[in-house]
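What follows is a set of notes on a single structure, which appears directly below.
The values are calculated or read from the model by the stated rules, or taken from the named source; none is laboratory data. This is a predicted model, so every value here is computed, not measured. Using ideal geometry, Cβ is built from the backbone for each residue, glycine included, and neighbour counts are taken over all protein chains shown.
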Amino acid sequence: MTITLRFLFFILLSFSLFAEENTVVLVAERDSFALKNLYKNLKNLAPNYNYKISTETSPIVIKPNNFIVQVGEKVPSHILLSRHKKNIAVLVTKSQSQKLDVQTSIWLEPPLYRQLKLANLVIPGEKKIGLLVNDDESSEKQLSGLTEAQKEMLKVVKLADYENINQALFHVLKDTRLLLGSYDNDIYNARNIKNILITSYRQQKVLIGPSRAYLKAGSFATTFSDLDHIAMRLIEVIKHYNLKNKWLKADYNPHYRILFNRQVARSLNIVIQDIAEIEKQMRDES
């Protein structure tokens, strides 16, 4: 092989490796609205990467250096993630991500410390904030991400200590200024949410909901990371790996927005401050 041919071969090989390293494959069990929109958001946000979608009905060949983004909790059967070493999970909760064979993940739910900060800003006061948990194990998990000062702000009531959720709700709302909803499906589910909201309103208390879904149901406020925010964080994770050859640790999404239910605010005569000012204070770490 002549020097010129060797040089051309090297250039082609380098280009191929570069293309592989800059290809992001979104992998899911099936096509969905979230999958399509995440794909569009990524293309708009960072068009210098090459994006592909692989589902069980439309699988594609995935190269060794491709970034694989598992979208959702369900592991697709058409790909063996253990064979790949550049895997990121999105649209999964913290607990769901711990069961996946991925290098890092972006957790779906908002962290309790962020929700607590929002609660203190929108309904300030001297009384504690109520937190309903399932049992001792759940309490330990929920409080593990809080500082001692933050824990002191809470009145924690365990559902396991009472005969039913009504009794637990009565005690957690007594002498507190609001109820802080956690991302705990044993408590905050379709079966309980109506009862939680009605009981709270009867005592003129609001719920800082664990997700946007509960905002629509009647909670007062929450923080929420949409697909734009997930795309932003995903690009940060990929860029960090390309630059440092090291993964950002699995964590909650630092990008989010604050949502309010203004109908609930009007019903309970709550004055919502300037949202821009609340957002500024939320992001102030001091």
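Observations on the structure shown:
- Considering the conditions (1) touching a residue at least 40 places away in the same chain (Cβ under 8 Å); (2) outside any loop (DSSP other than H, G, I, E, B); (3) surrounded by fewer than 17 Cβ atoms within 10 Å (Cβ to Cβ), residue 88 is excluded by exactly one of them, (3).
- Residue satisfying all of: in segment 154-177; in contact with a Leu (Cβ under 7 Å, 6 or more places away or on another chain) and in contact (Cβ under 8 Å) with a residue 40 or more places away in the chain; nearest to residue 205 (Cα to Cα) among these: 173
- Residues being assigned to a loop (DSSP other than H, G, I, E, B) and surrounded by 20 or more Cβ atoms within 10 Å (Cβ to Cβ) - total across segment 91-102: 1
- Filter pass, residue 117 being of a type in the set (Lys, Arg) and not assigned by TED's automatic domain parsing to the domain that holds residue 156: no
- Of the numbered criteria (1) under 23 Å from residue 34 (Cβ atoms); (2) of a type in the set (Asp, Glu); (3) modelled with pLDDT under 95, the one residue 236 fails is (3).
- Residue within segment 41-51 that is under 22 Å from residue 233 (Cβ atoms), out of contact with any Pro (no Cβ under 8 Å at 6 or more places or on another chain) and assigned to a strand (DSSP E or B) present: yes
- Looking across 234, 248, one residue alone is closer than 25 Å to residue 145 by Cβ, assigned to a loop (DSSP other than H, G, I, E, B) and not assigned by TED's automatic domain parsing to the domain that holds residue 125. It is 248.
- As a summary of the residue check, residue 234 satisfies the conditions (1) hydrophobic (A, V, I, L, M, F, W, C); (2) touching a Lys or Arg at 6+ places or on another chain (Cβ under 9 Å); (3) within 26 Å of residue 42 (Cα to Cα) except for the one numbered (2).
- Residues (in contact with a helix residue (DSSP H, G or I) (Cβ under 9 Å, 6 or more places away or on another chain) and part of a strand (DSSP E or B)) located in segment 52-84: 52, 53, 67, 68, 69, 70, 71
- Residues that are over 30 Å from residue 143 (Cα atoms), over 18 Å from the mean Cα position of the chain (by Cα) and at pLDDT below 95 occur at least once in segment 67-77.
- Any hit, segment 215-229, residues being under 21 Å from residue 113 (Cα atoms) and in a helix (DSSP H, G or I): yes
- In segment 198-215, the qualifying residues are those that are touching a residue at least 12 places away in the same chain (Cβ under 8 Å) and among the small types (Gly, Ala, Ser), and the one that is nearest to residue 266 (Cα to Cα) is 200.
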